[in-house]
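Everything on this sheet refers to the single structure shown next.
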Amino acid sequence: MLNRLASITALLASTLSGIAFSQPLAIEGLARYPSVASVSMSLEGDTLVGLVLDPTRDGREQAAAMWDISGKIDTTKPLFPTSITPHNGQMRFFGTAALKQGKSLWFARQEWTGRLAGCGEGRATGATKTFVSKVYMGDAKLKIDEMPGGTKERLSEDLQRCLDMSNTTGLVSIMAGDPENVIINRVTLRDGERYFKHNLRTGKEEFLYADAGSVRVDQVSGVDGMPISKTEVDTDGGYEFHIHLIDERTGGFTREPPLSTTAADRFQVSVLRRDAETGKYFILTDKFSDKETIYLYDPSTDSFDKEPVFAHPDFNASGIVSSTRKRDFGEIVGFTYIAAKSDVYWIDSELNSIQQGLELAYSGRIVSINSYNDDLSRMLFTVSSSSMPPAYFLLVDKSRVAAIGSSRPWIKTDTMRDAELVYYKARDGLDIPAILTMPKSLQPGQKARGAIILPHGGPWSRDSASWDGTGWPQFLATRGYVVMQPQYRGSTGWGRKLWLAGDKQWGEEMQDDKDDGAAWMVSQGYVDADKLAIFGYSYGGFAAMAATVRPNSPYQCAIAGAGVSNLTRLGNNWSDNRLQRAFQGDTVDGMDPMRNTANANIPILIYHGDRDVRVPLFHSEDFYKAVKKFQPKSELLIVKDMPHSLPWYPEQQRETLAAIERFLSTTCGL
């Protein structure tokens, strides 16, 4: 099998790389919609669905597409969609998921401005500029209609819109053993989260169960769709989280004290699945080590096994891969962990062999097996890297590969260098991981045009050495800048010690980590000390604002996208979700940029979307007005119809990328 898979490399070389050019990665290459995106395969392996460029609008919008892969497949040429449903002019698709029985889910949104009346993120009073989202069901002919079923409540127009804006309709379990039904969940105004058995053939639904007050469903069995774990939130005397598991003697749910945590201790305890043979549960936790590991827990004895089922010495475990084949449905076939990138440790010998063969065929790339049918005659996988946007492929009969398409085939990957994971010491001795992206043209001993510190958002998040959806690292690296994405204290996914070290250190030790990363790049000879800038979005935007007002800034300028500038107002308006405030709100403290604007010592470019409800626009407007007095070269760009999170529209990407490029080369002088 390995040799057969390796032989396809030459056939698909043109899809994986382009001709090397010396020019930078073009703005249009990142701004335009992907050629193909969000591809998924049906459980039976007979159809694919995804988003493609709309042929009726010259590729200026995205359309829904379906591929019939049930018959004989010619792997000598790319697969083309058999059906395309154009954009309807209002709702814009942003994602899809293939199901079974020829059915698929489609997710879309459109701009909306009006009174939220406390529904969803945004202003409690007055009008809010935001989005309405909807979920649609597609059939075998790619006819796409609004999702059937749902609440039977009589709702006013305002309340129905509230449901649309806080839409959480989603797939809970595809239930491979059931030919017609899936489990979905919805939010309703009266009952909170409700779960239904949805018949794909008839569209009828059967109510199964619902969250009850402070007890919510966590995990659901993939076999019958019934709950296997619940979490109770106790707010008396502080936030405590109690996991309930099935009691074999009664069939009911019982609280398991060894699995309880509090908002103060912040241990991670997640129920992954139940082992039917032993009655034990697979638990992902950091209670016993700095890194998250997977243990078996026995509810009959209230105890964990002495040794973990799966652990990585250097990185967090992240989950379990369960089989979707009928012959072994639900059995564990692999464990996942997150190193420089997400990875799978396969314990299924056949899937492991296929993974090795694909990695041999696509040497140096990230190969991800997305889905497969029962006999593995159809397998959807992606190939990507930090220098290559994802490309979709179909493995046929375990030996032949058909190209579905690259998300951005116009991007020439030979002009880019893959990112690497590095570590540097913070000033207090803490080891800080970082993702480093270098210009391909930079030779040993040469210094780059400049260096950009690019902190991620969150801050409870992390970066990886894979293709970045924003395109920012390679956009900057192909312009001659060394780009560092520091995994500063407060980042998740690198261990409990690094994560907790960020508590109440906004703008202080968290900011020191970023400055220390800049100093490390200078010490390594990558760049001169007077050629540094910082650019970030969301929390990263906060970091750029903090760098603007911190004394002795190492940077020549800062760029802040949708940044938080006012920690006091953030604390007061953290979220309508009291649980989130209790869990994360107390960790937000430190140096408040808005209270230090008189100390602004470098110019800053600030940009912000006018439909951002996650970080309201006032954060950028107020900060700009204050620092403009002291740094007159500072700028504010308000981007029309831009939300906080991806996906952004092509015109928004064009506008922001052009502003970033211009500001760095002119105002910053880099």
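State whether one or more residues within segment 369-392 are farther than 19 Å from ILE73 by Cβ, at pLDDT below 95 and not in a loop (DSSP other than H, G, I, E, B). Please lay out each step first, then the result.
Residues of segment 369-392 that are farther than 19 Å from ILE73 by Cβ, as a first pass: 384-390.
Of the ones still in play, those that are also at pLDDT below 95 are none.
No, segment 369-392 contains no residue that is farther than 19 Å from ILE73 by Cβ, at pLDDT below 95 and not in a loop (DSSP other than H, G, I, E, B).
Restrict the check to segment 24-35 and report whether at least one residue is in contact (Cβ under 8 Å) with a residue 40 or more places away in the chain and exposed (fewer than 15 other Cβ atoms within 10 Å of the Cβ).
Yes, there is a match, as at least one residue in segment 24-35 is in contact (Cβ under 8 Å) with a residue 40 or more places away in the chain and exposed (fewer than 15 other Cβ atoms within 10 Å of the Cβ).
Here is a yes/no grid of residues against (1) in contact with a Leu (Cβ under 6 Å, 6 or more places away or on another chain); (2) in contact (Cβ under 8 Å) with a residue 60 or more places away in the chain; (3) assigned by TED's automatic domain parsing to the domain that holds GLU292; (4) buried (at least 20 other Cβ atoms within 10 Å of the Cβ):
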| residue | (1), (2), (3), (4) |
| --- | --- |
| GLY450 | yes, yes, no, yes |
| PRO455 | no, yes, no, yes |
| ASP468 | no, yes, no, yes |
| GLU508 | no, yes, no, no |
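Restricting attention to segment 636-657, does a residue exist that is within 13 Å of CYS557 (Cβ to Cβ) and buried (at least 23 other Cβ atoms within 10 Å of the Cβ)? I'd like the intermediate steps shown before the answer.
Here is the first cut: in segment 636-657, the residues within 13 Å of CYS557 (Cβ to Cβ) are none.
Looking through segment 636-657, none of the residues is within 13 Å of CYS557 (Cβ to Cβ) and buried (at least 23 other Cβ atoms within 10 Å of the Cβ).
Enumerate the pairs (first residue in segment 485-501 and in contact (Cβ under 8 Å) with a residue 40 or more places away in the chain; second residue anywhere and part of a helix (DSSP H, G or I) and surrounded by fewer than 22 Cβ atoms within 10 Å (Cβ to Cβ)) with beta-carbon separation below 7 Å, excluding pairs fewer than 6 apart on the same chain, so at least 6 apart or on different chains.
If the second residue must be part of a helix (DSSP H, G or I) and surrounded by fewer than 22 Cβ atoms within 10 Å (Cβ to Cβ), the pairs left are ARG489/GLU509.
Please work out which residue is surrounded by the fewest Cβ atoms within 10 Å (Cβ to Cβ), limiting yourself to segment 228-262 and to residues that are assigned to a helix (DSSP H, G or I) and touching a residue at least 40 places away in the same chain (Cβ under 8 Å). Give the derivation first.
As a first pass, look at segment 228-262 and keep what is assigned to a helix (DSSP H, G or I): 257-259.
Next, from what is left, pick out any that are touching a residue at least 40 places away in the same chain (Cβ under 8 Å): 257-258.
Details: PRO257: 8, PRO258: 15.
So the residue we want is PRO257.
Enumerate the helices (runs of 4 or more DSSP H) found wholly within segment 441-532, keeping only those where 1 or more residues are within 20 Å of ILE559 (Cβ to Cβ).
Of the helices (runs of 4 or more DSSP H) lying wholly inside segment 441-532, those with at least 1 residues that are within 20 Å of ILE559 (Cβ to Cβ) span 472-477, 509-523.
Restricting the search to segment 263-318, which residues are in a loop (DSSP other than H, G, I, E, B), in contact with a Phe, Trp or Tyr (Cβ under 7 Å, 6 or more places away or on another chain) and of a type in the set (A, V, I, L, M, F, W, C)?
ALA263, VAL309, PHE315, listed by residue number.
Taking only segment 519-561 into account, find how many residues are under 24 Å from GLY445 (Cβ atoms) and either free of Cβ contacts under 8 Å to residues at least 40 places away in the same chain or surrounded by fewer than 24 Cβ atoms within 10 Å (Cβ to Cβ) (or both). Show your work before the answer.
First pass over segment 519-561, keeping only residues under 24 Å from GLY445 (Cβ atoms): 519-533, 554, 556.
Of the ones still in play, those that are also either free of Cβ contacts under 8 Å to residues at least 40 places away in the same chain or surrounded by fewer than 24 Cβ atoms within 10 Å (Cβ to Cβ) (or both) are 519-520, 522-531, 554, 556.
Count: 14.
Please go through segment 200-216 and pick out each residue that is surrounded by fewer than 17 Cβ atoms within 10 Å (Cβ to Cβ) and assigned to a loop (DSSP other than H, G, I, E, B).
ARG201, THR202, GLY203, LYS204, GLY213, SER214
Being closer than 21 Å to PHE315 by Cβ, of a type in the set (Phe, Trp, Tyr), at pLDDT below 95 and within 26 Å of the chain's Cα centre (by Cα) is the requirement here; does TRP460 meet it? Lay out the reasoning, then the answer.
Values: closer than 21 Å to PHE315 by Cβ: yes; of a type in the set (Phe, Trp, Tyr): yes; at pLDDT below 95: yes; within 26 Å of the chain's Cα centre (by Cα): yes.
When the stated conditions are applied, TRP460 passes them.
Across segment 195-214, what is the number of residues that are closer than 17 Å to SER229 by Cα and free of Cβ contacts under 8 Å to residues at least 24 places away in the same chain?
Residues in segment 195-214 being closer than 17 Å to SER229 by Cα and free of Cβ contacts under 8 Å to residues at least 24 places away in the same chain: 6 in total.
Quick one: in segment 374-396, which of the residues that are of a type in the set (Phe, Trp, Tyr) and in contact (Cβ under 8 Å) with a residue 60 or more places away in the chain is surrounded by the fewest Cβ atoms within 10 Å (Cβ to Cβ)? If you could, list the steps in order and put the result at the bottom.
Step one: of segment 374-396, the residues of a type in the set (Phe, Trp, Tyr) are 381, 392-393.
Next cut, in contact (Cβ under 8 Å) with a residue 60 or more places away in the chain only: 392-393.
Working: TYR392: 26, PHE393: 29.
Of everything passing the filter in segment 374-396, TYR392 is surrounded by the fewest Cβ atoms within 10 Å (Cβ to Cβ).
Restricting attention to segment 29-52, does a residue exist that is in contact with a Leu (Cβ under 8 Å, 6 or more places away or on another chain), in a loop (DSSP other than H, G, I, E, B) and of a type in the set (Phe, Trp, Tyr)?
For segment 29-52, residues in contact with a Leu (Cβ under 8 Å, 6 or more places away or on another chain), in a loop (DSSP other than H, G, I, E, B) and of a type in the set (Phe, Trp, Tyr): present.
Which one is surrounded by the most Cβ atoms within 10 Å (Cβ to Cβ), of the residues in segment 421-448 that are of a type in the set (Ser, Thr, Tyr) and modelled with pLDDT of 95 or more?
This residue is THR437.
The values are calculated or read from the model by the stated rules, or taken from the named source; none is laboratory data. In this text, all values refer to a predicted model and were calculated from it rather than measured experimentally. Cβ atoms come from the backbone with ideal geometry, glycine included; neighbour counts cover every protein chain shown.
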